[in-house]
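J.: Provided herewith is a single structure, encoded as structure tokens, for subsequent inquiry.
Values in this text are rule-based calculations from the coordinates and carry no lab data. For clarity, every value in this text was computed on a predicted model and none was experimentally measured. As a convention, Cβ positions derive from the backbone with ideal geometry for all residues, glycine included, and neighbour counts pool all protein chains shown.
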Amino acid sequence: MVKVTINKSVLELIEGDITEQETDAIVNAANSSLLGGGGVDGAIHRAGGPKILEECRKLGGCPTGEARITTGGNLTAKYVIHTVGPIYFGGKRREAELLANAYKNSLNLASQYKLKSVAFPSISTGAYGYPVNEAAMVALKAVINYFKTHTDIEQVRFVLFGQKAYQAYDKALQELAK
Ligand code: AR6
């Protein structure tokens, strides 16, 4: 586990399962239909129960880089913020910008709902094929930049699934701290 303070807020990296987090919101790496899928999306809908999908159906989808919110159903987290990361096509289709937007828009939505703590998975680095070392840099920069310009969200936790993802984020954070 790594914990650093940036301006007024805390940034944490842990290895674990996002569905078990007790933060005010957890973020889902969804697809633009918001109608469910595999990976972390599947795990969140399984753990949270059918109410989340029922709410998602009413949202009418979500473009890449944007975010939408539902309640947390049976999860400990009160809300699920659904965001859509880019599919990775080699890096020349504005993937970095779209990935940063997914984090930024998720945090803006958490802020609108006055939430104090948010847990993120490593968006786009599973089925969507974004190289995890590059994605970690984009993700951490987006959150650090938010913390430098806002003080309302007190805690962001990256919940990394497996050692490889954890190590990639740990290394990226060390690079950014230099
Ligand atoms: N907790 C935390 N992280 C997890 C969990 C979990 N329980 N399960 C998987 N991960 P992916 P994407 C990690 O594929 O690349 C879905 O079908 C996983 O190891 O879930 O953004 C959607 O519906 C990886 O590091 O999301 C979309 O169609 C990270 O979460 C598509 O996949 C993201 O992997 C989105 O692809």
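J.: As a check on your grasp of the helix formula, calculate [θ] at 222 nm for the chain: sum -39500 (n - 2.57) over DSSP H runs of n ≥ 4, divide by the residue count, round to the nearest 500.
T.: -12500 deg cm²/dmol
J.: While we're on this one: Using a Cα-Cα cut-off of under 12 Å, which aspartates and glutamates could be cross-linked to Lys104, ignoring same-chain neighbours fewer than 8 residues away?
T.: The qualifying aspartates and glutamates are Glu66.
J.: Test of understanding: what is the full-extension gain from Lys58 to Leu35, defined as 0.36 nm times their sequence separation minus their Cα-Cα distance?
T.: The span from Lys58 to Leu35 would gain 7.3 nm if fully extended.
J.: Still on this structure, I have one more. Measure up Lys3/Lys148; Lys51/Lys78; Lys8/Lys141; Lys3/Lys178; Lys8/Lys148; Lys3/Lys78 against 20 Å on the Cα-Cα distance and list the ones that go over.
T.: Flagged as over cut-off: Lys3/Lys78.
J.: What share of the DSSP beta bridges in the chain is antiparallel, in percent to the nearest 5?
T.: 35
J.: Compute the distance from the alpha-carbon center of the range 62-117 to that of the range 154-172, in whole Å.
T.: Here the two parts' Cα centres lie 17 Å apart.
J.: If you stretched the chain out fully between Lys116 and Asn133, how much longer would it get, using 0.36 nm times the residue separation minus the C-alpha to C-alpha distance?
T.: Separation in residues times 0.36 nm, less the Cα-Cα distance, equals 3.4 nm.
J.: According to the Kirkwood expression over distinct Cα-Cα pairs, how big is the hydrodynamic radius of the chain, in Å?
T.: With all distinct Cα pairs of the chain included, I get 15.8 Å.
J.: What does the extension gain come out to for Glu20 and Glu175, with contour length at 0.36 nm per residue minus their alpha carbon separation?
T.: Once the chain is fully extended between Glu20 and Glu175, it gains 52.9 nm.
J.: Kindly state, to the nearest 0.05, the FRET efficiency for Gln167 paired with Asn108, given R0 = 35 Å and r defined as their beta-carbon distance.
T.: My answer for the efficiency is 0.75.
J.: Using 7 Å Cα-to-Cβ label points, what is the Ala43/Thr5 separation (nm, one decimal)?
T.: Taking the two extended label points, one gets 3.1 nm.
J.: Please state the charge dipole magnitude for the chain, taken about the Cα centre, from unit charges on C-beta atoms (+1 on K and R, -1 on D and E), reported in debye and rounded to the nearest 20.
T.: The dipole of the chain has a size of about 340 debye.
J.: Report the relative contact order of the chain, percent, no decimals, based on alpha-carbon pairs under 8 angstrom and at least 6 residues apart.
T.: It comes to 29 percent, rounded to a whole number.
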